[in-house]
Each structure stands twice: as C-alpha cells, then as structure tokens.
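The values are calculated or read from the model by the stated rules, or taken from the named source; none is laboratory data. It should be emphasised that the depicted structure is a prediction, and the values quoted were computed from it without experimental measurement. Every residue, glycine among them, receives a Cβ derived from its backbone with ideal geometry; neighbour counts consider all protein chains shown. Each accessible area value is taken on the protein alone, full model and side chains, heavy atoms only, with ligands, DNA and RNA left out. Shrake-Rupley method; radii C 1.70, N 1.55, O 1.52, S 1.80 Å.
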Amino acid sequence: MAQDEAARPDHPSLIIRNIGLLLSGDINAPILDADTIETTGGRITGIGRARDFETRPGDQVIDAKSCALAPGLIDSHVHPVAGDWTPRQNQLGWIESCLHGGVTTMISAGEVHMPGRPKDIAGVKAFAITAQRIFQNFRPSGVKIHGGAPVIEHGMVEEDFRELAEAGVKLLGEVGLGSVKDGRTAREMVAWARKYGIQSTIHTGGPSIPGSGMIDKDVILAADADIIGHINGGHTALPDSQITCLCESCGRGLELVHNGNERAALHTVRVAAGLGQLDRVILGTDAPAGSGVQPLGILRMVALIAGLGGVAPETAFCFATGNTARMRDLDCGLIEIGRAADFVLLDKAQHSAGRDMLDSVRLGDLPGVGMTIIDGVVRTLRSRNTPPATRLPEILAG
Ligand SMILES: [Zn+2]
C-alpha cells in the first residue's frame, strides 16, 4: 500500500472501497493492484487494500460496488468562451454535460468563438488574461478549465509573451487560427512562448470552419509547437503520408480529436504504436465546433481506439488521462499519492455483450458513468448522458 502519513491529519477523508478495477492512467502500468483509495483535502493520500485503511468519524465512505475507477478524463482540446455557454452552437450547459461523460478537466485551444474577438495585439493580450482569470474563477459543477489561450498574430514581439506569462497565461491557442500561418514566424513565436513557460498547440490539416486555415506538415515541423493539435484533422485530415512523417520526424504530442477524421486517428495510433510511442497520444474533442458538443466525446474516442485501433482498452484510457497530464504538466490524470482526487467510476453498460467494462470498450461499446469526483468531492451520481451502468457506486457515510 502507498500512503502519505504527512497528509493524514485529523481532516475528514474520502475513502472509496470495493473498487473492482483500478485504472492508473499510467501507460507503463495501466492497471493497479488495489481496491481502495483514500483522499484528504482534495488529494490522493492512500492507494491500497481496504484492510489498510481505518475510517474515522466524519469520513465519507463510498462503496464502489466493484465498478472500475479511473482518473477523471481530460479533454485536451476545447474552445470555451464565457461561462458554460458556447455561441458557436448557441448552447448552454455544455461543460456540465461533458462532466456526465466523465470529463473533469478541459484545456482551451483558444477562446476563438467569442463574438467580436479582438485581433489587435493589445486586445489579444487583454482577452487572453481575462479568459485565464474567468476560467480560474468559474468551474461549472467543479470542472477544471485551463483557459486563456491567445492565438498568435503578426506583429507580436518577445516582450508580449513575457508579459502574458507574467500575467498568468500558460497556453497558446491553436497556432494557425490567427494571421500567423507561416512556419518561420510561428517558430519564432512558439519559441518565445516556450522560453516563458507557455505551452503551444498547432492546428493541423484543412480549415475547420470558414475563416480557419490549412496547415500542412512543413509548417507544423517548422513551428515545432508542443502539441500537434488534432493531427487527425478537424475534420479535414492531411494525407496519411504527412501524418506518418509528423509521427516519425518529431517527438511532439499527437492529439486526436472527436471532431476530426476517425480513419486518420486510427492511422496515427497505428504509426505511434509501430514507433513504440503511444505515450505521445492524447485525446480531445475540439468541441464546440461545426460538429458541435459531444458530452461523451472522450469516451467515444477511447472506444473507437480500443475497438478498431488495436490498442488495449486500459491503454486507451491513458490517452485521456495520464498521457495528457504528463504532457501538459497537470496535477491530475494519474492515480498517484499527492495528485488531485479527480475520478470517474465506470461499469459496463447494461446489456453490453462485453464480459466486463474493459471488454465492453474493446467491443466498441461506451461504458456507463456511475459517479464523478473532483478534488475529493462527489460531483455527479449516475450520468444522465451515458448508457446506464450495470452497477452503481453507493455513498455509505458522510
Ligand atoms: Zn483547429
């Protein structure tokens, strides 16, 4: 058992017992041999067997009823705007709806759907800082949104990136969605961003919607952004030969999105597997885009890749959890002592032909979400969006 004694003051804890399958999020060891997790103060403080933990007055106890537990899912690619509203599809409550699909963390690839989004440099910076603050302060149903991702424009200088970083901006929006579409300028600005600790993502493939642009492998390799955003297109993918070249020619993140080309996603997975580099694969939805919001988009990507991509389902879950956490330097996404206590409890859907949850995902079925937990706090019980789980966790005390 792993336990952090220092983090176990008299503080009430959350203890989740009777976990039937513990998915770690770690691609090197995707399944943990344990059935109990303890959290204190929103952090994981113990991982082990039920007999190793004592409950004290005030502790909350959950019986997982043999369901699977995974780190809360991370959507590596969303376009939030303001609050829980998207003007792109004029929809309210889309983030909360994704929580019912097991997503507890979202990464902004740019707040590009904001009506009247400023494109002058002062406006770009002011809007990015505002978006960073808004989403730091506002968490719909507890979902963590890493927002404030400016889209680079011609005329930006190194000082702009230093200023953004000092103001708390940690991400660039998709390179290529602004006026900078050439490799040389993108490379210079991406390097400035990196110098000041700002992570970068580049748009890949054809235009997503009118006004978006085409970015091919030469621009992507020249720009050298940290994440090759939707390498499977959004939706229009590059030719397979270019995707293969991107996988082989650099070590950057390979992001696959739901609002992309599914065949190209599977091609990317096969190439990454052949290179022994599945640790580079991360998942997003690109919601809300022309294809809209998919509350179950990350689960659908896991089922697609496990069902048709020749990847073990427990490994596919790592693409939506630990791989993203490591690549994006997040404190969640892995079942490890000290990490954020963000979890999703799952079981096979009722009447799935699969033997168990993982087997059902291997057959391409979506699992049922029975509970979500963020920072050690239960946020939702049975999902209103997934097919109903066969078994459901139960809150016993607290
Ligand atoms: Zn894009």
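Six or more apart or on different chains, Cβ atoms under 8 Å: show the pairs whose first residue is in the stretch 67-92 and free of Cβ contacts under 8 Å to residues at least 40 places away in the same chain and whose second is among the polar types (S, T, N, Q) and open to solvent by 10 Å² or more (accessible area, probe 1.4 Å).
Taking only residues 6 or more apart or on different chains, the pairs are 85/91.
Quick one: is residue 229 open to solvent by less than 10 Å² (accessible area, probe 1.4 Å) and either of a type in the set (D, E, K, R) or modelled with pLDDT under 95 (or both)?
no
Restricting the first residue to the stretch 169-181 and requiring it to be in contact (Cβ under 8 Å) with a residue 40 or more places away in the chain and closer than 16 Å to residue 231 by Cα, which pairs with a second residue that is within 14 Å of the ligand (Cβ to nearest atom) and open to solvent by 40 Å² or more (accessible area, probe 1.4 Å) meet a Cβ separation below 9 Å and a spacing of at least six or different chains?
If the second residue must be within 14 Å of the ligand (Cβ to nearest atom) and open to solvent by 40 Å² or more (accessible area, probe 1.4 Å), the pairs left are 175/181; 176/214; 177/208; 177/211.
Can you spot a residue in the stretch 265-272 that is within 15 Å of the ligand (Cβ to nearest atom) and either touching a residue at least 40 places away in the same chain (Cβ under 8 Å) or in contact with a Cys (Cβ under 7 Å, 6 or more places away or on another chain) (or both)?
yes
Mind checking which residues of the stretch 63-96 are surrounded by fewer than 24 Cβ atoms within 10 Å (Cβ to Cβ) and assigned to a loop (DSSP other than H, G, I, E, B)?
65, 66, 81, 83, 84, 87, 88, 89, 90, 93
From 200, 212, 208, 141, which residue is more than 22 Å from the chain's Cα centre (by Cα) and hydroxyl-bearing (Ser, Thr, Tyr)?
The conditions single out 212.
Could you count how many residues in the stretch 178-187 are over 25 Å from the mean Cα position of the chain (by Cα) and within 13 Å of the ligand (Cβ to nearest atom)?
Matching residues across the stretch 178-187 total 1.
Please verify whether residue 290 is open to solvent by 10 Å² or more (accessible area, probe 1.4 Å), within 25 Å of residue 84 (Cα to Cα) and within 15 Å of the ligand (Cβ to nearest atom), treating the condition exactly as stated.
It is true that residue 290 is open to solvent by 10 Å² or more (accessible area, probe 1.4 Å), within 25 Å of residue 84 (Cα to Cα) and within 15 Å of the ligand (Cβ to nearest atom).
What helices (runs of 4 or more DSSP H) completely inside the stretch 144-262 contain at least 3 residues that are among the polar types (S, T, N, Q)?
In the stretch 144-262, the matching helices (runs of 4 or more DSSP H) lie at 240-249.
Looking only at residues that are in contact with a helix residue (DSSP H, G or I) (Cβ under 7 Å, 6 or more places away or on another chain) and closer than 19 Å to residue 320 by Cβ in the stretch 28-62, which one is most open to solvent (accessible area, probe 1.4 Å)?
Going through the qualifying residues, I end up with 31.
A quick yes/no check of all residues on (1) over 21 Å from residue 366 (Cβ atoms); (2) of a type in the set (Lys, Arg); (3) more than 16 Å from the ligand (Cβ to nearest atom):
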| position | (1), (2), (3) |
| --- | --- |
| 217 | yes, yes, no |
| 234 | yes, no, no |
| 239 | yes, no, yes |
| 246 | yes, no, no |
| 252 | yes, yes, no |
| 295 | no, no, yes |
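Looking at 160, 120, which one is touching a helix residue (DSSP H, G or I) at 6+ places or on another chain (Cβ under 9 Å) and more than 16 Å from the ligand (Cβ to nearest atom)?
Answer to the selection: 160.
What strands (runs of 3 or more DSSP E) completely inside the stretch 308-386 contain at least 3 residues that are open to solvent by 10 Å² or more (accessible area, probe 1.4 Å)?
It comes to 377-380.
In the stretch 188-213, which residue that is in contact with a Lys or Arg (Cβ under 8 Å, 6 or more places away or on another chain) and either within 16 Å of residue 228 (Cβ to Cβ) or at pLDDT below 90 (or both) is farthest from the ligand (Cβ to nearest atom)?
So, considering only residues that are in contact with a Lys or Arg (Cβ under 8 Å, 6 or more places away or on another chain) and either within 16 Å of residue 228 (Cβ to Cβ) or at pLDDT below 90 (or both), the one farthest from the ligand (Cβ to nearest atom) is 199.
Which one of the conditions (1) surrounded by 19 or more Cβ atoms within 10 Å (Cβ to Cβ); (2) closer than 21 Å to residue 81 by Cβ does residue 192 fail to meet, given that it meets all the rest?
With (1) surrounded by 19 or more Cβ atoms within 10 Å (Cβ to Cβ); (2) closer than 21 Å to residue 81 by Cβ applied to residue 192, the lone miss is (2).
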